[in-house]
Structures are given as structure tokens and as C-alpha cells.
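Q: Quick one: the structure is below, and I'll ask about it shortly.
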Amino acid sequence: MTSHPTRDTFMSPASSDPSSPVAAPAEGLSIREYRTGDLASLISMNNKAVPAVNDLSAEELVDQIAQARTCLVAAEGEALLGFLLCYAEKMDYDSRNYLWLNERLDRFFYTDRICVDEDQRGRRIGEKLYQALFAKFETEAVPFCCEVNTRPANPGSLRFHKRLGFEEIGEAEMGDKAVVYLKR
């Protein structure tokens with residue numbers, strides 16, 4: 001498998017700028033499992049978020065979804081607004097962030113990426129994706145983990161994850177980037 005350096009993908013919502021219009025809350029939103037027909041929208045959404053995430057080809061994303069424990073998709077009618085890709089521990093996945101967690105924790109769920117369409121930020125879609133993830137695995141009593149970039153800095157993601165109850169458990173310096181690891 002090719003290496004896919006990963007980064008948490010939640011970025012500061014546009015609403016952090018007082019002159020930006022605030023998007024409507026995500027009231028008609030549904031969260032469901034990934035379907036094959038979602039691929040083109042998820043690739044587009046992911047690659048528009050670069051450099052907060054690494055770009056992926058359709059083949060790479062299909063490979064990642066196939067290995068993941070779950071890929072949750074936020075939809076409003078036919079429109080896809082966001083997605084969350086989550087792995088369990090001890091998978092054959094060579095992301096350096098995932099490997100860091102595997103070396104230190106016996107059990108965990110790892111959010112490899114959470115991505116919200118740039119035009120939909122500020123609607124709490126990321127929060128709803130995480131709520132669905134937490135509910136899906138609540139009976140397993142396993143911590144949820146992720147990493148957030150500190151270089152390049154992603155302060156919106158760090159605030160978002162801390163608001164959801166994530167706490168820092170470590171840091172890593174990786175030459176071209178640095179991250180903080182979080183666990184809930």
C-alpha cells in the first residue's frame with residue numbers, strides 16, 4: 001500500500017469572519033454509511049481542502065475506505081456535505097500518524113480525516129459526523145483519536161476537537177509538518 005500522509009481536515013468555519021454570512025444549521029442533514037456513488041463528491045471535497053489534507057486519487061480513497069472501520073457521509077437530500085473516515089487499531093495502514101497511535105495504544109478508533117464542503121462550514125456538520133461516530137461505537141468503550149496539524153497550523157480544528165472533548169496525548173515533529181495527537 002502506498003503511504004498517505006494524513007492530516008485532520010476540519011478547518012476554521014467561514015463564520016469566524018464577521019463579514020461572512022453564517023450558513024443555516026444542518027437541520028435536514030442525515031448521516032449514513034458511504035456508498036459507491038459517493039466517490040466523486042468525496043474526492044472533490046477532499047481535494048478542495050488541500051493543504052489541510054493530502055490530495056487523493058479516486059483509487060487511493062477507495063483503498064482507504066475499503067480498509068477503514070467506517071466511512072460516514074453527511075447528506076442533505078442528494079447533496080453530500082461532508083465525510084469522516086475512521087480506522088480501528090492494528091489495521092494494515094501505513095499512515096505515520098496512525099502508526100504513532102498504534103505504537104502507544106492497544107485499542108482506539110482513529111479519525112483519519114473529517115472533511116466538510118467549504119460552502120457548508122459553520123453548520124455543525126463536522127460535529128454531527130462525530131456524534132454519529134460516537135453513537136455507532138458507544139458500546140465498544142474504545143477511545144477516539146485523531147491528530148491536528150500544528151505546522152501548518154490548524155487552530156480551528158484544534159478548538160473544534162477540544163470542544164468535542166478531545167485532549168492532547170502527544171506531539172510529533174515530522175520535518176515538513178508537526179501534529180498534536182488527541183484522544184477522547
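The values are calculated or read from the model by the stated rules, or taken from the named source; none is laboratory data. Note that this is a predicted model, so its numbers are computed, not measured. Positions of Cβ are backbone-derived with ideal geometry, glycine not excepted, and every protein chain shown enters the neighbour counts. Please note that ligands, DNA and RNA were not included when accessible areas were found on the heavy atoms of the full protein model with its side chains. Shrake-Rupley method; radii C 1.70, N 1.55, O 1.52, S 1.80 Å.
Q: Determine whether residue 165 is outside any strand (DSSP E or B), open to solvent by 10 Å² or more (accessible area, probe 1.4 Å), in contact (Cβ under 8 Å) with a residue 40 or more places away in the chain and at positive phi.
A: no
Q: Another question about this same structure. Collect the residues in segment 70-87 that are of a type in the set (Gly, Ala, Ser), open to solvent by 10 Å² or more (accessible area, probe 1.4 Å) and part of a strand (DSSP E or B), keeping them in residue-number order.
A: Within segment 70-87, 79 is the sole residue that qualifies.
Q: Also: Return yes or no: is residue 65 within 21 Å of residue 91 (Cβ to Cβ), surrounded by 17 or more Cβ atoms within 10 Å (Cβ to Cβ) and modelled with pLDDT of 60 or more?
A: Criteria met by residue 65.
Q: Another question, then. Looking at this structure, is residue 33 farther than 23 Å from residue 178 by Cα, surrounded by fewer than 20 Cβ atoms within 10 Å (Cβ to Cβ) and either within 16 Å of the chain's Cα centre (by Cα) or at pLDDT 95 or above (or both)?
A: Judged against the criteria, residue 33 is a match.
Q: Within segment 45-68, track down each residue that is free of Cβ contacts under 8 Å to residues at least 60 places away in the same chain and either among the charged types (D, E, K, R) or in contact with a helix residue (DSSP H, G or I) (Cβ under 8 Å, 6 or more places away or on another chain) (or both).
A: Listed by number, the residues that qualify are 55, 56, 57, 58, 59, 60, 61, 62.
Q: So which residues in segment 142-161 are open to solvent by 20 Å² or more (accessible area, probe 1.4 Å) and in contact with a strand residue (DSSP E or B) (Cβ under 8 Å, 6 or more places away or on another chain), if there are any at all?
A: Selection gives 143, 150, 151, 158.
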